[in-house]
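One structure is given here, and the rest of the page talks about it.
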Amino acid sequence: MALLLTSLLGCGATAKLITAKSQSERADVFTEMTDTGAKPQGYIDLVVKANIKTHVEGYHSDESGKSLHGKPGYPFVLNIDGQAVVWKVDGQKDVDPAYDEQGNTSRDPEAGTGVSYILERKIRLREGAHKVFFVLPEDDYIVDADITLRSGEEAVLEFKPLYWHKHIPYHIPTFLKGVRKYEIYLNGVKMS
């Protein structure tokens, strides 16, 4: 009973944190860039990249009609130092073979038919240390990182998904089981 209660409280805490980090407390941290104009002194352009592959709409018979898996407008949330932005991305149906010519299961975690959502945006913010939260509200997922940016550079912050494994006997990750966690890279260097 205590384990169940702890589990439920943990889920509630995560949901509250996701809701909190999906909303802005500030509006002066970053600006989304649509051109490549000259940067003011002390600012840096940060390219944010993320992706996820989900199952197609209706893959799970018990899935809520409110689910955005396989539908347009999958939300990615980025919160830096209290300023949040929600980017809604329309996916592309992705039909990758799940098996090789010999009938062996593919080891590619994104093999199989699904919908790929790819995010790439550029923002401008002050150099220095920042607290970043990356949120997938649709998948009840949140991760945070501390980053330090230096003026005069263009930086790339990338979130790469790792998926849950298929059931035994296969221990191969697959997007069909959902995202397990994201690895975070700053300028190609793994942070978490």
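Worth a mention:
- Distance (nanometres) between label positions extended 7 Å along Cα→Cβ at Ala27 and Val86: 1.7
- With both labels modelled 7 Å from their Cα along Cα-to-Cβ, the Lys49 to Lys177 distance reads 2.6 nm.
- Too-long pairs where the Cα-Cα distance tops 19 Å, listed order kept, from Lys93/Lys177; Lys53/Lys93; Lys21/Lys71; Lys71/Lys177; Lys71/Lys181; Lys122/Lys181: Lys21/Lys71; Lys71/Lys181; Lys122/Lys181
- Potential lengthening of the chain between Asp144 and Asp96 amounts to 14.2 nm, from the contour at 0.36 nm per residue minus the alpha-carbon distance.
- Residues in the stretch 117-132 that a label on Glu154 would reach, taking backbone N under 13 Å of a point 7 Å out along Cα→Cβ: 121-124
- For Trp87, net neighbour charge (Lys/Arg +1, Asp/Glu -1) across residues whose Cβ lies under 10 Å away: 0
None of the figures in this text is laboratory data; all of them are computed from the coordinates on show. Keep in mind that this is a model prediction, so the values were computed, not measured. Note that we place each Cβ from the backbone using ideal geometry, even for glycine, and neighbour counts take in every protein chain shown.
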